[in-house]
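> Before I ask anything, let me first share the structure, which is written out below as structure tokens.
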């Protein structure tokens, strides 16, 4: 199989806290991660050039022939055909930045050591080929609708859906509904006029759920009774969801299991929203939303009117928590209390607006992670612990109470 190596672009720092614990290629859009899209379209296996502290969990594999690709680019059929056509020692560029290069082992080592290959022949991608890059947090939900449509074709082409039980009501073309093996779903309404609905293996959609495409529900996910989910939404594998969800992305094993509103938001892995948690995704004056940027260390204009909650891996909130429009919460924060939370809550924070914050002790956080992950039979590895410690150590400057 083709050896593909995805590298993190400079945009990685703007995509924290989601990229604090993973390479850019592990970001989820549509049904698949960026990595999975490249693997399927190019029929290859992906490894990574990423941050040193992530490299042990996401190791690199170097072979005689290597296709090095910008991990922040969303692959399309046209782009992949063009990348397939490049020869050894050739590269494709977009606006002067590397899109892809085919390198032998020596050329790859030169790229790693010097960040360039002197004999590399670079050509700009033809203007007829669209390049879409993920560069900011708020772009994830905006790009998700197109990603679901592309992935639906990619994943279901030439395959037959499992039979939809007659107790369900489908509004729109039935071919826009695809159920993998083992899906349990009775007495639900599925509206697929605006886009398809894909439901992964062994997912359970309880009775009374109202689903609007484009929508992805991952394998082994449980959607609670009476849930209202408006597309475009992507809900990863192993999630527990309920209440009202609009234009949002949940990474695997994230929980929003109770009533409450989640809109224009992204939840990382192992997040949990307490019962009756709500977020705002629109300011009262309908003005442009600003969002915290880890790279610039300030709130940046998004150019968007609808931006909700961005929550890093392992973060959680108590019951009745209220989040302002355009809120960023780091990795392993535990927030609770009356009133609206701050628009930026640093990694490893514990507390809320009424009593203030303290630092979530690293040892306590790891103990919680091990308990939470074991419930889904997922090991909490030394690699995970090392990554979390790096995040804990390198985000201390944001926890102002430690100074």
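> Identify all residues within region 221-253 that are in a loop (DSSP other than H, G, I, E, B) and in contact (Cβ under 8 Å) with a residue 24 or more places away in the chain; write none if there are none. Steps first, answer last, please.
Initial filter on region 221-253 (in a loop (DSSP other than H, G, I, E, B)): 221, 224-227, 231-232, 236-239, 242-243, 247-248, 251-253.
If the condition is that a residue be in a loop (DSSP other than H, G, I, E, B) and in contact (Cβ under 8 Å) with a residue 24 or more places away in the chain, then 224, 231, 232, 236, 237, 238, 247, 248, 251, 252, 253 are the ones that fit.
> Right, next: Look through 314, 258 and report the one residue that is crowded, with 24+ Cβ neighbours inside 10 Å and either in a loop (DSSP other than H, G, I, E, B) or modelled with pLDDT of 95 or more (or both).
Numbers: 258 fails: crowded, with 24+ Cβ neighbours inside 10 Å.
Criteria check complete, one pass: 314.
> Further, regarding this structure: All but one of (1) buried (at least 20 other Cβ atoms within 10 Å of the Cβ); (2) in contact with a strand residue (DSSP E or B) (Cβ under 8 Å, 6 or more places away or on another chain); (3) assigned to a helix (DSSP H, G or I) hold for residue 40, so report the exception by its number.
Just one mismatch for residue 40, condition (1).
> Related question: Quick one: would you say residue 69 is within 26 Å of the chain's Cα centre (by Cα), outside any helix (DSSP H, G or I) and within 17 Å of residue 2 (Cα to Cα)?
yes
> Return the only residue of 370, 364 being over 29 Å from residue 340 (Cα atoms), more than 21 Å from the chain's Cα centre (by Cα) and in a helix (DSSP H, G or I).
Every option except 370 fails the conditions.
> Do you know which residues across region 339-350 are at pLDDT below 95 and part of a strand (DSSP E or B)?
340, the sole residue that qualifies.
> Please pick out the residue among 31, 86, 73 that is in contact with a helix residue (DSSP H, G or I) (Cβ under 9 Å, 6 or more places away or on another chain), surrounded by 15 or more Cβ atoms within 10 Å (Cβ to Cβ), over 26 Å from residue 384 (Cβ atoms) and in contact (Cβ under 8 Å) with a residue 12 or more places away in the chain. It would help to see each step written out before you state the result.
Numbers: 31 fails: over 26 Å from residue 384 (Cβ atoms); 86 fails: in contact with a helix residue (DSSP H, G or I) (Cβ under 9 Å, 6 or more places away or on another chain).
When all the criteria are applied, what remains is 73.
> May I ask you to say which residue of 111, 93 is modelled with pLDDT under 90 and either surrounded by 13 or more Cβ atoms within 10 Å (Cβ to Cβ) or touching a helix residue (DSSP H, G or I) at 6+ places or on another chain (Cβ under 7 Å) (or both)?
111
> Residue 299 versus (1) part of a loop (DSSP other than H, G, I, E, B); (2) surrounded by fewer than 18 Cβ atoms within 10 Å (Cβ to Cβ); (3) touching a residue at least 24 places away in the same chain (Cβ under 8 Å); (4) in contact with a strand residue (DSSP E or B) (Cβ under 9 Å, 6 or more places away or on another chain): which is the lone unmet condition?
For residue 299, the failing item is (1).
The values are calculated or read from the model by the stated rules, or taken from the named source; none is laboratory data. Bear in mind that the values here come from a model prediction, so they are computed numbers and not experimental data. Neighbour counts run over all protein chains shown; Cβ positions are idealised from the backbone, glycine included.
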